[in-house]
Amino acid sequence: MHIPLFSLFGAFATFLFITTAASVIHAEPIKEPVLALDPEADLSNQDASGTSADESIGYELRTNSKDESKEIWLWAKGGKEHAVRLCETPGWGNMHLEFSPDNYWIMVQDGGASLGISLRLFRREKGVVFKEIQDANINDQAEELALKQAGLQKKPDFLDHRYVNLVRWSPDSRTILVELRGKGVDDKHVVQISEWLGLYDLGKRKFIFDLNQMNRGTVQIDKK
């Protein structure tokens with residue numbers, strides 16, 4: 001038996017499909033990303049290089065010649081020769097880097113078809129030096145909240161294929177809109193999550209339920 005569960009998340013709709021283990025799930029298939037293992041493979045699905053919106057910071061994905069690992073490097077405008085390393089990343093064809101509107105935060109979205117897609121949050125320290133926020137925990141929190149809203153109390157590692165994407169920043173750079181897709185199976189349930197949406201507060205390091213947080217700064221009123 002196929003049971004659609006619907007819950008209203010602020011102004012966002014959350015759709016999860018849960019069946020018993022013996023049932024067949026009927027929903028749109030998860031669109032799994034391109035997996036590019038060969039360093040010479042086509043990486044057109046990812047942002048190999050780019051700049052912040054105001055072009056004050058540049059970045060590119062580089063291959064470490066020692067071990068073939070992928071690294072993201074940043075530099076201030078006009079100073080590529082002084083680039084600094086942001087982090088190592090899988091770089092298998094799905095890497096996207098997004099600056100917040102105020103350039104204070106960086107979100108790195110990366111992974112692969114078997115790894116899933118995850119988000120990593122970095123905060124600006126000085127110049128083009130950014131530090132990863134280790135306790136951001138966006139990916140696990142999104143999964144746990146989505147399942148909880150559907151009536152399932154599961155640990156964050158329940159989904160064996162999980163894709164977490166950054167949809168947009170709030171204009172004031174304090175909140176992000178996150179999309180979660182995934183699927184998981186245990187002895188009692190088959191779960192597929194399609195386009196679950198949530199709001200994550202960067203300062204509080206947790207998901208919130210106030211849509212107004214995404215609209216701060218969008219309306220300007222001037223006196224005549």
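Note down the net charge around Val190, summing +1 for each Lys or Arg and -1 for each Asp or Glu among other residues with Cβ under 12 Å from its Cβ.
That works out to -1.
For Ala53 and Leu211, what is the calculated FRET efficiency with R₀ set at 22 Å and r taken between the beta-carbons, to the nearest 0.05?
That pair, Ala53 with Leu211, gives E of 0.40.
Report, ordered by chain and residue number, the aspartates and glutamates lying within cross-link reach of Lys154, taken as a straight Cα distance under 16 Å and ignoring same-chain residues fewer than 8 apart.
In chain and number order, the partners are Asp140, Glu143, Glu144, Asp186, Asp187.
Of Lys148/Lys206; Lys148/Lys183; Lys183/Lys206; Lys155/Lys206, which ones are farther than 18 Å apart at the Cα?
Checking Cα-Cα distances, Lys183/Lys206 exceed 18 Å.
What order do you get for Val108, Val219 when you list them from fewest to most C-beta neighbours inside 10 Å?
Ascending number of Cβ neighbours within 10 Å: Val219, Val108.
Between Thr63 and Leu115, 0.36 nm times their residue separation minus their Cα-Cα distance comes to what?
Working: separation 52, 0.36 × 52 = 18.72 nm, distance 1.96 nm.
Length gained between Thr63 and Leu115: 16.8 nm.
So, counting K/R as plus one and D/E as minus one, what does the shell of residues with Cβ under 10 Å around Arg123 add up to?
That works out to 0.
Express in nm, to one decimal, how much length is gained between Asp201 and Val185 on full extension, taking 0.36 nm for each residue of separation and deducting their alpha carbon distance.
2.8 nm
Please give the contour-minus-distance gain from Asp157 to Lys224: 0.36 nm per residue of separation, less the Cα-Cα distance, rounded to one decimal in nm.
18.6 nm
Going by how many other beta carbons lie within 10 Å of each one, how would you line up Val191, Val185, fewest first?
Ascending number of Cβ neighbours within 10 Å: Val185, Val191.
We did not get these values from a lab; they are worked out from the coordinates using the rules stated. Just so it is clear, the model here is predicted, and its values are computed rather than measured. For neighbour counting, all protein chains shown are included, and Cβ atoms are generated from backbone atoms with ideal geometry for every residue, glycine included.
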